[in-house]
1. Here is a check on your reading of the model: is residue 388 surrounded by fewer than 20 Cβ atoms within 10 Å (Cβ to Cβ), in a loop (DSSP other than H, G, I, E, B) and out of contact with any strand residue (DSSP E or B) (no Cβ under 6 Å at 6 or more places or on another chain)?
2. Please give the number of the condition residue 384 fails out of (1) over 24 Å from residue 255 (Cα atoms); (2) at pLDDT 95 or above.
3. Name the residues in segment 63-85 that are of a type outside the set (A, V, I, L, M, F, W, C) and touching a Lys or Arg at 6+ places or on another chain (Cβ under 7 Å), would you?
4. In segment 331-346, what residues are touching a residue at least 12 places away in the same chain (Cβ under 8 Å) and either in a loop (DSSP other than H, G, I, E, B) or small (Gly, Ala, Ser) (or both)?
5. Go through 66, 80, 131 for me and flag whichever is loosely packed, with under 14 Cβ neighbours inside 10 Å and under 36 Å from the mean Cα position of the chain (by Cα).
6. Given the structure, is residue 327 modelled with pLDDT under 95, under 24 Å from residue 222 (Cα atoms) and either in contact with a helix residue (DSSP H, G or I) (Cβ under 9 Å, 6 or more places away or on another chain) or of a type outside the set (Ser, Thr, Tyr) (or both)?
7. Sort out which residues of segment 353-384 are closer than 30 Å to residue 220 by Cβ and either free of Cβ contacts under 8 Å to residues at least 12 places away in the same chain or under 35 Å from the mean Cα position of the chain (by Cα) (or both), and write them in order of number.
8. What helices (runs of 4 or more DSSP H) lie completely within segment 221-309 and have 2 or more residues being modelled with pLDDT under 90 and open to solvent by 30 Å² or more (accessible area, probe 1.4 Å)?
Amino acid sequence: STGVALFRLPSDHLNGLSVVVVVVKLESGLAVASAGDTTSVSASFLVTALAAVFLGPASAWVTAVLAEAVAAWRRHTRRLLIAFNLFGATVPAVSAAVVVQAVEPKVSNSVGFYALVAAVAAGINVLGYALIAYTHEALHRDGAMGPRAFFRFAPSIVLNVALVVAGAAIYVKVGLPGIAFALTAVFAFSYMAYLLDQSRRRAQQYVSLSWGVLAGLMRSLDVRDERAARHAAAVARFARDMAQSVGMSEQEQELAHTAGLLHDIGHFALSDRVAERGRTLTEDDWMAIQRHPELGADMLRDLGMYGPVEEIVLTHHERIDGRGYPRGLMGEDIPEIAKIISVAEVYDTLTASDTYRTRMSSFEALRELRRVGGSQLDARYVEVLASLLSGEGVEYRHADAADFDTELDMERRIREARTG
């Protein structure tokens, strides 16, 4: 390939630039640095655009083909899609190189030259998206890659165009060593970001698996005790709202909500006779029930992700006066969110229609909570709940319709794991 008339490079310099571009192109096909769902930096695009500007149509075509070949190998792309991707990558690159040769700028350090580089880079993006969107729509007809979707990627286009202009300036001012260093740095950054993205994907899969296991355990528990899932959802909702009322951070509110969902998961390890309604429980049964906070904490510890939740689950049956279980903690030794869970759990147990005792009204339940405030429960959080309930209707105060899957919101949890 020959350079544009602008440079009139010596053949050895030109060949050196070609080698740099080819090597970095092969490497850059392995990675894209992502800064969100719609913002990314592509070392591959940078190399293609620079080849189009400095090396001409043939080199632009070769670099585009190399990038797609490496990407197809890494992603195990189907053959038909490889053909479409090659079409969408090579046509814009070659077209851009032809435009540069046709314009043939005479001054390499002018505003006009850099404007041309920016226009070429933007054109590769726009034309490439148009071609791929057209073929995608022809295959799927789902409208997923329409104009609105294109504008979502505008930050990526602006960022990549700016990098191409910067790369061109480095080559014009510093020469081959400068562009070699710059391209290598972009590749290194892209590859590290690629590794980070892979780590996030694995975290997403792990969270999905962990929550899938926990949700399965809760549903299995609900088969044995029909109140289990609804009770967990109600406690989670009350606990989150109480944490918000006292000014806890969003992270602490989420922690309270998650602990509420999982606070009774240790019941899964208890025998069926303990969960059976109407049966008189023996002393051994009561001792087993008092182990459920430890059993639940052990389950969460084995999953390896829920350190703070584990501690709250372990201590949610401790009492302010030190007569709770399993550790007999007192007052300030009990985590604050565990105190909130305790208040929410007792209140829901007293007011729910599926409770194992005579159902109380919200007013009666609050009176009972106030009676044991300062001994069994933290009186401050009893008043927080009372204040919260005062502005709510019957549906909220009696959480009969609380739904475990709604409170779990698995998709949100996985999405948050994906974004870190």
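1. No: the conditions fail for residue 388.
2. (1)
3. Matches in segment 63-85: 63 only.
4. 334, 335, 338, 342, 344
5. 80
6. Values: modelled with pLDDT under 95: yes; under 24 Å from residue 222 (Cα atoms): no; either in contact with a helix residue (DSSP H, G or I) (Cβ under 9 Å, 6 or more places away or on another chain) or of a type outside the set (Ser, Thr, Tyr) (or both): yes.
No, not satisfied.
7. Residues satisfying the conditions are 357, 358, 359, 360.
8. The qualifying helices (runs of 4 or more DSSP H) are 272-275, 283-289, 292-303.
The values are calculated or read from the model by the stated rules, or taken from the named source; none is laboratory data. In this text the structure is predicted, and so the values were computed from the model without any measurement. Cβ sites come from the backbone with ideal geometry, for glycine too, and all protein chains shown count toward neighbours. All accessible areas refer to the heavy atoms of the entire protein, side chains included, with ligands and DNA or RNA removed. Shrake-Rupley method; radii C 1.70, N 1.55, O 1.52, S 1.80 Å.
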